[in-house]
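Input: a single structure, listed below in structure tokens.
The values are calculated or read from the model by the stated rules, or taken from the named source; none is laboratory data. Keep in mind that this is a model prediction, so the values were computed, not measured. Here the Cβ is made from the backbone with ideal geometry for all residues, glycine too, and neighbour counts use every protein chain on show. Surface accessibility is based on the protein's heavy atoms, side chains included, excluding ligands, DNA and RNA. Shrake-Rupley method; radii C 1.70, N 1.55, O 1.52, S 1.80 Å.
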Amino acid sequence: MRSSWLKRLRRFLSSRFPDLNSLREARRTTHPNFTFGDLNLDAALRQAKLGKGYARTPSTKERLKELNEGKVTLPPHSPWRGDYTDWVADPFNDRNWRFQFHTLRWINPYLWDALAGNEDSKAEWKRIVRSWAHDNTPHRRARDEYAWMDMTDGNRAIQISIGAPLIDSDDAWYINLLVEHRNWLLEDKNIVQGNHGLHQNLGLFVVSAVLSDETSIYKAIDRLTTHILEAFDDNGLTDEGSVGYHQMNLVWWRQAQQRLELEGYSFPPEAAQRLDSAGVTMGHLLLPDGTMPQIGDGNRGKGRRGLHGFLDQVNKGTIRDTDRPIVQHYKNGFTVSRSGWGETRPLKDESHTVVRHGRDLLRHSHDDRGSVHIYTAGRRWITDGGFHSYQQNDPDRIYTKSRLAHSLVDIPAQNHDITGDVPVILTESRSDLHSVEILDANFDTASWQRRVVFLPKQDIWVIWDRIEGANEERVQQQWLLDVGVVAEQLDETTLSLHDRRNELHMQWLGTQPNFDITRGDPKSNSKRGLIGLRWKDMKPTTSVHANFYTKDVESIVIISLQDKPSETIKLINHEPMESFELKLNSPEQMSRLKFQKESTRLIPDL
């Protein structure tokens, strides 16, 4: 009788409160009873062999020696001697160091030494992990905010999971720590966007694989699939606003794909195709010399090999499929143009242009929309301020992200809304002409339009800037030149840019500016004229400001390798702010470059 009554009560409650059923299911999912017998040690060993910070490398032995000598090295920082279990340590007052410290990836040399049979390394790995668990779980009582910071949590979940082969049957604390990470990463509210979210979901996948938890494995795969389609636009460009981080994302997503395959899973075809497009895009982003344009956070290193076949071809300087497009326009804010793929000259001698635009991208982008990057004659000429560090209040970090560090137009007396959109209002792609035009209406009263036109057969650039509503305030057209490039004013309208081998000319037509040419000084309070080439390494270079003081400004800048551009390029049929033509005289052909509000055309003179 009593049993029948209880059954009726449960049915009543379930009908009146249907959410109770889902709540019970959620509790079963979030708080299952995992045991030592659930540990998939083979999965842990498979996952340990993949990824920087986890796999054994040639430097693992040296790092182990340092750890045994009492030193922790978290590149690019200097070695630190201190208490390995001081979980509020911050010896360099650096957020990146704290982030790395709490990932526990630095204990990985102990893992590999322990797997080789060293009992002391096994004991030390377990001691450090158990100490971290004691001081930082549950997450509400963590001693440092970085302990459960997004991405830190996912990286650490992988590191502790691959240590499962070191665990003994009575190490209940370890099972509890895995479950704590699994439960934390299962909560949607704890997962962020961008590459940090990627690392979080990879952490969920690995910890779930080691716990033999299929439900959470599929949750991680579902999130990763959604994420990859959001992280890369239809043509395969990431939403980080950074070339360096596009490459890093490509590396991380390839590793994600491999991690799934190691356990017998895979991405759906659409996600896999998007990842393939990201590899092709990286090939388009690379400069002709195989290095990365320094846009957003990140250095200017070489493209990484082994990520995609086309990318490898660009790195080697030999393109097998030269029918590939030479203009790519990406929704995530880059338009990339080049003169060719090495059909008639070595690939490294081709020209390459990048123009930034679009919505405000978070994470690793800078305030650079409207800026232009130009590479030609085997080197970078016009670039931006590069990258310093992740220390948000550091003056060098503030500068490298600011408008001052980029080749664009600024109006110092007016505020500029960095969150506003900078849309593309015109694109043209023909064999004889590439163009992109942006509109920036994010100043207090002024608006700025910039059309960048590139003639691939002549290696000529024309930048047409129109600024309306400046109220006779100073309009600052900024050009940051690459390290090693010197600027010299030849006359009232022309600058010579030169290094030891080549010379580029910039000629101003339309409204004439006053030129302010400055050489950067790392010791000065002013950061103008500096470029961060790599982590906390600021180098001096040349900054050119073309300053205008009229209410409405129209600037026509011609950039070319020609010796005397003023004699070979003439401005004709000029309607200020509306249209104009450039008469191009060359030994091969006479032509006119016709600019109108809605089009640009190159017309041969017969």
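Just one of (1) open to solvent by less than 70 Å² (accessible area, probe 1.4 Å); (2) in contact with a strand residue (DSSP E or B) (Cβ under 6 Å, 6 or more places away or on another chain) trips up Ser599, so point out which.
Failed condition: (2).
Quick one: count up the residues across segment 307-329 that are of a type in the set (Asp, Glu) and either modelled with pLDDT of 95 or more or open to solvent by less than 20 Å² (accessible area, probe 1.4 Å) (or both).
1
Any residue in segment 49-64 that's farther than 15 Å from Arg254 by Cα: show its pairings with residues that are open to solvent by less than 90 Å² (accessible area, probe 1.4 Å) and of a type in the set (D, E, K, R) at Cβ separation under 9 Å, as long as the two are six or more apart or on different chains.
Gly53/Arg105; Tyr54/Arg105; Thr57/Arg63; Thr60/Asp113; Lys61/Asp113; Leu64/Asp113
Filter segment 557-572 for residues that are of a type in the set (Gly, Ala, Ser) and over 21 Å from Gln478 (Cβ atoms) and give the result.
Ser566
How many residues does segment 330-375 hold that are open to solvent by 10 Å² or more (accessible area, probe 1.4 Å), more than 20 Å from Ser407 (Cβ to Cβ) and among the small types (Gly, Ala, Ser)?
The number of residues fulfilling the criteria is 1.
Just checking: which of the strands (runs of 3 or more DSSP E) contained wholly in segment 354-443 hold 1 or more residues that are under 19 Å from Val336 (Cβ atoms) and in contact with a helix residue (DSSP H, G or I) (Cβ under 9 Å, 6 or more places away or on another chain)?
Per the criteria, 372-376.
Taking only segment 81-137 into account, find how many residues are under 22 Å from Ser59 (Cα atoms), surrounded by fewer than 18 Cβ atoms within 10 Å (Cβ to Cβ) and in contact (Cβ under 8 Å) with a residue 60 or more places away in the chain.
1
So, Ala172, is that one surrounded by fewer than 16 Cβ atoms within 10 Å (Cβ to Cβ) and among the hydrophobic types (A, V, I, L, M, F, W, C) or not?
Criteria met by Ala172.
Out of curiosity, is Gly484 of a type in the set (Gly, Ala, Ser), under 26 Å from Pro395 (Cβ atoms) and open to solvent by less than 20 Å² (accessible area, probe 1.4 Å)?
So Gly484 does not fit the description; no.
Select from segment 552-568 the residues that are open to solvent by less than 80 Å² (accessible area, probe 1.4 Å) and not polar (S, T, N, Q) and list them in ascending order.
Asp552, Val553, Glu554, Ile556, Val557, Ile558, Ile559, Leu561, Pro565, listed by residue number.
Just to check your reading of the model, which residue among Thr518, Thr511 is under 24 Å from Arg474 (Cβ atoms), out of contact with any Pro (no Cβ under 6 Å at 6 or more places or on another chain), among the polar types (S, T, N, Q) and touching a residue at least 40 places away in the same chain (Cβ under 8 Å)?
Just one listed residue meets the conditions, Thr511.
Given (1) of a type outside the set (Val, Ile, Thr); (2) farther than 30 Å from His574 by Cβ; (3) surrounded by 15 or more Cβ atoms within 10 Å (Cβ to Cβ); (4) modelled with pLDDT of 95 or more, identify the lone condition not met by Gly420.
(3)
Quick one: Ile517 ticks every box in (1) touching an Asp or Glu at 6+ places or on another chain (Cβ under 7 Å); (2) open to solvent by 60 Å² or more (accessible area, probe 1.4 Å) except a single one, so which number is it?
Exception for Ile517: condition (1).
So which strands (runs of 3 or more DSSP E) stay within segment 559-606 end to end and still have 1 or more residues that are in contact with a Gly (Cβ under 9 Å, 6 or more places away or on another chain)?
Fully inside segment 559-606 and qualifying: 569-575, 579-585.
Any residue in segment 258-284 that's more than 18 Å from Gln247 (Cα to Cα): show its pairings with residues that are at pLDDT 95 or above and not in a helix (DSSP H, G or I) at Cβ separation under 9 Å, as long as the two are six or more apart or on different chains.
Partner pairs satisfying both residue conditions: Arg259/Leu50; Arg259/Tyr265; Leu260/Ser266; Leu260/Phe267; Leu262/Lys49; Leu262/Leu50; Glu263/Asn40.
Being closer than 15 Å to Gln294 by Cα and buried (at least 20 other Cβ atoms within 10 Å of the Cβ) is the filter here; which residues of segment 526-537 pass it?
Listed by number, the residues that qualify are Leu530, Ile531, Gly532.
Going through segment 423-439 one residue at a time, which ones are of a type outside the set (Asp, Glu) and open to solvent by 20 Å² or more (accessible area, probe 1.4 Å)?
Those that are of a type outside the set (Asp, Glu) and open to solvent by 20 Å² or more (accessible area, probe 1.4 Å): Pro423, Val424, Ile425, Leu426, Thr427, Ser429, Arg430, Ser431, Leu439.
Looking at Gln458, is it touching a residue at least 60 places away in the same chain (Cβ under 8 Å) and assigned to a strand (DSSP E or B)?
Considered against the rule, which asks whether it is touching a residue at least 60 places away in the same chain (Cβ under 8 Å) and assigned to a strand (DSSP E or B), Gln458 comes out as no.
Considering only residues of segment 500-514 that are surrounded by fewer than 18 Cβ atoms within 10 Å (Cβ to Cβ) and not acidic (Asp, Glu), which is nearest to Val483 (Cα to Cα)?
Arg500
Give the residues of segment 440-472 that are at pLDDT below 95 and crowded, with 19+ Cβ neighbours inside 10 Å, sorted by residue number.
Selection gives Gln458, Ala470.
Can Met292 be described as under 30 Å from Tyr218 (Cα atoms), at pLDDT 95 or above and touching a helix residue (DSSP H, G or I) at 6+ places or on another chain (Cβ under 6 Å)?
No, not satisfied.
Among the residues of segment 38-69, write down those that are modelled with pLDDT under 95 and open to solvent by less than 30 Å² (accessible area, probe 1.4 Å).
If the condition is that a residue be modelled with pLDDT under 95 and open to solvent by less than 30 Å² (accessible area, probe 1.4 Å), then Gly51, Gly53 are the ones that fit.
Would you please name the residue that is least open to solvent (accessible area, probe 1.4 Å), looking only at residues in segment 569-582 that are more than 40 Å from the chain's Cα centre (by Cα) and not hydrophobic (A, V, I, L, M, F, W, C)?
Here the residue is His574.
Of everything in segment 293-306, what is out of contact with any Lys or Arg (no Cβ under 9 Å at 6 or more places or on another chain), open to solvent by 50 Å² or more (accessible area, probe 1.4 Å) and assigned to a loop (DSSP other than H, G, I, E, B)? Give them in sequence order.
Arg304
What helices (runs of 4 or more DSSP H) lie completely within segment 189-292 and have 2 or more residues being open to solvent by 20 Å² or more (accessible area, probe 1.4 Å) and either touching a strand residue (DSSP E or B) at 6+ places or on another chain (Cβ under 6 Å) or more than 24 Å from Tyr330 (Cβ to Cβ) (or both)?
The helices (runs of 4 or more DSSP H) meeting that bar are 214-231, 243-262.
Which one is nearest to Phe99 (Cα to Cα), of the residues in segment 376-398 that are open to solvent by 10 Å² or more (accessible area, probe 1.4 Å) and aromatic (Phe, Trp, Tyr)?
Tyr390
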